[in-house]
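One structure is given below, encoded as structure tokens.
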Amino acid sequence: EHMVRESHQDGELGTCPREIPSFHSHFTTLTITREPRSKHTAKDGAVGTSQGCATTTITTTLFEPDRDGQTPQVVVLVGAPGMGKTTMVRKVMVEWGEGTLHTQFDFVFCIDCKAINLPMEASVADLVSQCCPGLRVPAGKILDDQKKILFIFDGFEALGFSLVQPKAELSSDLREVKPLELTVMSLLKKTVLPKASLLITMRPVALGSLRWCLKGEYYVEILGFLAGRRKEYFHRYFENPSKADMAFRFARGNEILYSLCVIPVMSWTTCTVLEQELCGKKNLFESSKTTTGMIMFYLSQLLKHRDRDNPQVLQQFLLQLCSLAAEGIWKHKVLFEEKEIKDCGLDQPGLLPFFLNEKIPREGEDHESVYTFTHLHLQEFFAAMFYVLEDDGEMVSSLGKLEKDVNKLLESYNKSRKDLNVTVRFLFGLVSQKSIEYMDKTIGCRISPRAREELLEWLQGRHRGLSHPGQALKVSEMDTFHFLFEMNEKSFTQSALGHFTDLDLQDTKLTLYDQMALSFCIQHWAGLGCVTLKGCSFQWQDPEAEPDASVPCSGISGAGEHPGALVVRRREELPCPIHLLCRALRHRDSALQVLRLQWCQLSESCCAELAALLVEHPGLARLELADSSLGDSGVRLLCEGLRTPGCHLRILR
């Protein structure tokens, strides 16, 4: 949508269109940094890095005076794909149209560089007329009157300009027709309409040439949603407070997903997927949505507007990108030099900005730019892809001859490189049948299933090595359940766990997501005879969830209710802490004989579930509940289960 808003003072020139009223109710505050280019103090000289600059938020106007009282004329809004640049532009337009902010401008002209079809040659007046065809007064007259004007270029990198035209060819006449690049450069360099203000949004990777065209500009980088804002976003997205609470608890319990939700479009992705899951369901306890699946959906949204005519180009690009990511993960490296990008063949403007951010050197420094992935977990995702992406027989990368040796990755993780955990988890997720089909159909790249056998053998051998000779074969690492849950395939889980009889976890804080992973595996573990959980806690609440002031009460409590009432009501609605575990243990093929829940801080709320387990599970012979606070009423519930004919328990501790 190409929008122009005329000030209320100049109402006779035209009407002021309105945004839909729901914009403000759905908008969540982003965290941004702002500083003039001349004051960069970051160690690596990166534009918009948060070191050494004050953090502000977009609840204040972008064009407010700085500490020295200087009002910026040019603001460059920088952010990776999906960080909310266009949403920020919409907010500026809405607030200006309503007369609540940015009222110093008489006219605001917004040019969507990604969508508009601009002519090869145009004057500034032509540019305004084409972008805003509904003007009642000719654009030239508006510009002649020297009104206070703001030009917004949203997605500037989409214009594809080199911005190296000689200054002598620039225009000073707003009606002079010139090649479009010269006309735009004339606005940037202030040879035409020198008093006009500019707001330019773009991706970090495109900043290089633009910075030489501007003077006195302020750089503003969107950092995304900090912790409290993520929760606020979920509540604004769902509107229904119980669904918002459920979805946020799901995301909060998954550390990888929650960290990725700092990227606004990743928060949107998570909410969109979970909203579909909640259709017709009361909860997310049986959700099969994995972190791998969320990232694949996120990538499909980022890449949906790209040219799909030549899938080989994307496949080759991803091969090199994944190679770069894997090299970095092995070497604990997150910054990549420009030479590495070029040597890999990644310097493709049509694809690179989707995946990497460019950090520009400070003014006066001559070293090359450096690049980084939008998020560390995305680098780990692409590192995992390196091992399974089809490569037409080429088995090494072009960087450091890194071999596609899945076993080396797994053994390194097992022995000492615990930092490879997320990469290994994504590896399991990527080779599921669902992922292979989704990547092929939706994104257009081919994943090889060959690694599945190696992953299966590694899991089986890993736990055999941890079990002592002559003792039962047991699984005692929580990450195994995460890996299997990420793949989410019943038959693979059955094969991986089929040789083991015992589950033994100690001193583990089990988030809701952990419990879902554990429950999924237990349901498909036919030979499981003994479950021992010592010193484990079952967490259902967000650890920071005691009433959160960052969530607006108006959206979550009923009229006239005390703001805390809903929080209390939600807590009462939560199942008992061991609900998922007991439900999984009651599955039809369960061989469970021994259940030890020692030092797990169980309360009387758990006794109804335990009683039901005794009734429905005749094979259960031994139950140990050491150091629990069951209370008299809890023990009475337990006794009801013990009295039923179906209970064959022999030992209770």
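Tabulated data for the structure shown
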{"quantity": "Two-decimal Rg to Rh for region 311-461 - Kirkwood Rh, Cα set", "calculated": "0.98"}
{"quantity": "Kirkwood Rh, angstrom, region 177-257 [1 / mean 1/r, Cα pairs]", "calculated": "16.7 Å"}
{"quantity": "Cα-based Kirkwood hydrodynamic radius, region 123-222, one decimal, Å", "calculated": "14.3 Å"}
{"quantity": "Carbon plus sulfur fraction of accessible area for region 227-288, probe 1.4 Å, in percent", "calculated": "46 percent"}
{"quantity": "Region 222-330 - convex hull of alpha carbons, volume per residue in Å³", "calculated": "143 Å³"}
{"quantity": "Length gained when the stretch Ala591-Asp632 is fully extended (0.36 nm per residue, less Cα-Cα span)", "calculated": "11.7 nm"}
{"quantity": "Gyration tensor (alpha-carbon) shape descriptor, region 227-288, a/c threshold 1.5", "calculated": "prolate"}
{"quantity": "Relative contact order of region 82-214, defined on C-alpha pairs under 8 angstrom at six or more residues apart (%)", "calculated": "29 percent"}
{"quantity": "GluC sites (Glu not before Pro) lying in DSSP loop within region 422-507, provided at most 13 other Cβ fall within 10 Å", "calculated": "none"}
{"quantity": "Additional length obtainable on full extension of the chain from Asp68 to Lys281, 0.36 nm per residue less Cα span", "calculated": "71.1 nm"}
{"quantity": "Rounded FRET efficiency, nearest 0.05, which uses the C-beta distance separating His499 from Leu652 and R0 of 22 Å", "calculated": "0.15"}
{"quantity": "Solvent exposure of region 177-218 as accessible area per residue, Å², 1.4 Å probe", "calculated": "32 Å²"}
{"quantity": "With every protein chain in place, region 311-461: carbon and sulfur % of accessible area (1.4 Å)", "calculated": "50 percent"}
{"quantity": "Label-reachable residues, region 604-629, where backbone N falls under 11 Å from a point 7 Å from Ala472's Cα toward its Cβ", "calculated": "621-622"}
{"quantity": "Surface accessible to a 1.4 Å probe, per residue, for the residues of region 227-288, Å²", "calculated": "36 Å²"}
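The values are calculated or read from the model by the stated rules, or taken from the named source; none is laboratory data. These figures come from a predicted structure and were not determined experimentally. Positions of Cβ are backbone-derived with ideal geometry, glycine not excepted, and every protein chain shown enters the neighbour counts. Heads up: the accessible areas ignore ligands, DNA and RNA and are worked out on the full protein's heavy atoms, side chains in. Shrake-Rupley method; radii C 1.70, N 1.55, O 1.52, S 1.80 Å.
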